[in-house]
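K.L.:
Below is one structure. I have some questions about it.
The values are calculated or read from the model by the stated rules, or taken from the named source; none is laboratory data. Model, not experiment: these values are computed from the prediction. All Cβ positions, even for glycine, are placed from backbone atoms using ideal geometry, and neighbour counts span all protein chains on display.
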Amino acid sequence: MPFAMRPEDLSFPERAGVRLGFSRLLPAPPERVFDVLADHEGWARWFPDFREAVVTSPEREGTGTRRRVSVGPMVLDERFLAWERGRRFAFTMVATRLPIVSAMVEDWRMEPAEGGTRLSYAVGIDVPGWVRPFTGLLLRKFRPLFERALPALEERLRA
C-alpha cells in the first residue's frame, strides 16, 4: 500500500530541509536534452538505479502528467509541475512504497550555452522525523545517484 507524500511546488528545492544542486554543460541543444528527459521509459538507459517508469495518467506529457517510477528499492508516484520543452522539466513525488521521504521535488532547467545546454538540476527533500537522525546515511545513498545522473545523461546525448 503506498504512503502519501506531501506534494510540493516549484519553490520547494530552495526551502527543503535537504537541498542538492548540480549543473553541467551538455553537448546538445535544450530541446534535445528535454526530449531525453521527457522519454519516461528511456530513463532506465541513463539514470543510475532507475528500473522502470510507467505513465499512470491519460496524458503522457504536460503539467499534471503522472508516472510511477522504480529507482533502487523505492517506488514513487510523481506528478509533473513544469513541462516546458527546452526550458524546464520538474515533478513532485506524491506517494511512495518506502516512507523514508515525506516530500521531494526534482527541477531540471535548461539554458542555451555555447556548445549546447547548461543543465541545472535541483532536488529538494524533506524526511519524516524518525528518519532525521539517519539523514546523513540517506544522503550517502541519494547523492551519488544524482551526481552520476548528469554524466550519464551526457553519455546518452552523445550516443
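K.L.:
Determine whether the range 52-60 contains at least one residue that is in contact (Cβ under 8 Å) with a residue 40 or more places away in the chain and either among the charged types (D, E, K, R) or not in a loop (DSSP other than H, G, I, E, B) (or both). Lay out the reasoning, then the answer.
P.N.:
Applying the first criterion (in contact (Cβ under 8 Å) with a residue 40 or more places away in the chain) to the range 52-60 yields none.
No, there is no match, as no residue in the range 52-60 is in contact (Cβ under 8 Å) with a residue 40 or more places away in the chain and either among the charged types (D, E, K, R) or not in a loop (DSSP other than H, G, I, E, B) (or both).
K.L.:
Hey, among the residues in the range 100-124 that are surrounded by 15 or more Cβ atoms within 10 Å (Cβ to Cβ), among the hydrophobic types (A, V, I, L, M, F, W, C) and more than 11 Å from the chain's Cα centre (by Cα), which one's farthest from Glu154 (Cα to Cα)?
P.N.:
Going through the qualifying residues, I end up with Ile100.
K.L.:
Collect the residues in the range 120-147 that are free of Cβ contacts under 8 Å to residues at least 40 places away in the same chain and in contact with a Pro (Cβ under 7 Å, 6 or more places away or on another chain), keeping them in residue-number order.
P.N.:
The one that is free of Cβ contacts under 8 Å to residues at least 40 places away in the same chain and in contact with a Pro (Cβ under 7 Å, 6 or more places away or on another chain): Pro128.
K.L.:
Looking only at residues in the range 89-111 that are in a strand (DSSP E or B) and either modelled with pLDDT under 95 or of a type in the set (Val, Ile, Thr) (or both), which one is farthest from Asp9 (Cα to Cα)?
P.N.:
Of the residues in the range 89-111, the ones in a strand (DSSP E or B) are 89-96, 103-111.
From the residues that got through so far, the ones that are either modelled with pLDDT under 95 or of a type in the set (Val, Ile, Thr) (or both) too are 92, 94, 96, 105.
Details: Thr92: 7, Val94: 11, Thr96: 18, Val105: 8 Å.
Looking at residues that are in a strand (DSSP E or B) and either modelled with pLDDT under 95 or of a type in the set (Val, Ile, Thr) (or both), I get Thr96.
K.L.:
Same structure, new question: Can you tell me which of (1) modelled with pLDDT of 95 or more; (2) surrounded by 16 or more Cβ atoms within 10 Å (Cβ to Cβ); (3) in a strand (DSSP E or B) is the one Gly86 doesn't meet?
P.N.:
(3) is the only condition that Gly86 fails.
K.L.:
Something else now. Which pairs have Cβ atoms under 9 Å, sit 6 or more apart or on different chains, and link a residue in the range 86-103 that is under 15 Å from Val123 (Cα atoms) and in contact (Cβ under 8 Å) with a residue 12 or more places away in the chain to one that is in a loop (DSSP other than H, G, I, E, B) and of a type in the set (Val, Ile, Thr)?
P.N.:
Correct list of pairs: Phe91/Thr65; Met93/Val101; Val101/Val127; Ser102/Val127; Ala103/Val127.
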